[in-house]
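Please read the structure below before turning to the comments.
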Amino acid sequence: MRASRIRSRLRSAVGDRDRTVVLRRRSARRSRDTGYVLALGRKWVLLASITDGGFFDGHTAFRLSDLREVRDDVSFVPRAARLRAEWPPRMPAHLAGIDLDRTAGVVRAFGADGSLVGIQSDHRYDALWIGTVDEVRRHWVALWEVRPDGEWRDAPLWYRLRRLTAVERDGQYLRGLADVSGTTPPNGITNAPWHHPQPDQSDVHLDVVPEAVLHALAAGGTDATTRRTMTPYLTGPECASLWRRRSEQIRERPGDAPWVTRLIVDPAVALPVGVAGFHGPPDAHGMVEVGYRVDPAHRRRGYARRALETLLAVAQDHPDVRTVRATVSPDNDASLALIAAYGFVEDGEQWDEEDGREIVFEVSVDGQRRPTEDWNRTR
């Protein structure tokens, strides 16, 4: 079937709840993929997948150039699907705004919340690689994989984006695997965004600073990319020494990169509102130290609190972390009040060459507590 005909049929099926389509692919000639067409882009099409019995089975994106035929499903399956609790098919919130014009956009959307995703490649049509998306670069995706036995690999593996033919998530197989493996490597921290532990309360998340951007900031670069993606506060002198320290750190110890300073991102705000992260992975005693800074233009809006809650949740979920430390200047009343609300207790003091005298506070990951109602109400 000609590519123009394939696109025409898919376009006419977008959003049609009474119509399911059957796709046949070049890379998997014996495959038969059925579903409702939710969206169509320049390179990819997104389906709400349906099994042979009319059961909903997650969402799958297919590369258009890999399709060799598209036809309507004239079997009983569309009628059976209408009897399911998931009917009618809808665009899931986590895929809203997916960029189907770019393979990187598809992979980022599918893996944004750290769920397990499956990818297929044109050089191994019979294989499905499953894991969490660790990092997406211009031509590559790093997938921290789960093996079929439910055990995690020791490190992410890289795949070429141009070789991918299908990306899926939320299907029965992936959900079952996640029940066994979990969605986070047991002894590793991924580059995936860190979301707030209570997403119904906050959309704020912490995103890794791309390595090239980090090194550019450390060098004092304010090129078009950094000006477009960072606020003047983040590119200014207030944060310059932070970027230099982190740039040098990950050059010497690349494994620290997922742990250290991330961007505080609010989807409702165009640019990052600050930075937050750990100073590095847990030490030999299981201690991690948190740090956060909020752009003055966005202070007193709860961003530091949401960032700290996210960091505490990450620490609590990691098996190697036992203690969380925070060091605060004695005249920083806002930070002192913030950490006190989460169970931090004073454990001495230190002298910092840049910030001067600091009070050291620590809390056990087992001793964390939720802030009081008064704190939530007044902050």
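For the peptides 56-64, 203-211, residues were scored by their other Cβ atoms within 10 Å and the scores averaged per peptide; the highest-first order is 56-64, 203-211. What a 1.4 Å probe finds exposed on the stretch 88-164 is 46% carbon and sulfur by accessible area, rounded to a whole percent. Summary of the geometry: the stretch 132-150 and the stretch 49-123, compared by the centres of their Cα atoms, lie 19 Å apart. Each part reduced to its alpha carbon centroid, the stretch 287-353 and the stretch 189-255 end up 18 Å apart.
The apolar share of the surface of the stretch 25-69, taken as the fraction of accessible area on carbon and sulfur atoms (1.4 Å probe, ligands and nucleic acids excluded), comes to 44 percent. Entry comment: accessible area of the chain is 50 Å² per residue, from protein heavy atoms only and a probe of 1.4 Å. Most tightly packed first, judged by the mean number of other beta-carbon atoms within 10 Å of their residues, the peptides 266-279, 341-354 read 266-279, 341-354. The peptide list 70-78, 285-293, put in order of mean Cβ contacts within 10 Å with the highest first, becomes 285-293, 70-78.
Think of it as helices only: each DSSP H run of n ≥ 4 in the chain is worth -39500 (n - 2.57), and spread over all residues that comes to -7500 deg cm²/dmol at 222 nm. Here the accessible area of the stretch 215-306 is 53 percent carbon and sulfur, with a 1.4 angstrom probe and all protein chains present.
The values are calculated or read from the model by the stated rules, or taken from the named source; none is laboratory data. Source: prediction; values computed, not measured. When we count neighbours, we look across all protein chains shown, and the Cβ atoms used for this are built from the backbone with ideal geometry, even at glycine. Just so you know, the surface numbers come from the protein's heavy atoms only, side chains and all, with ligands and any DNA or RNA stripped out. Shrake-Rupley method; radii C 1.70, N 1.55, O 1.52, S 1.80 Å.
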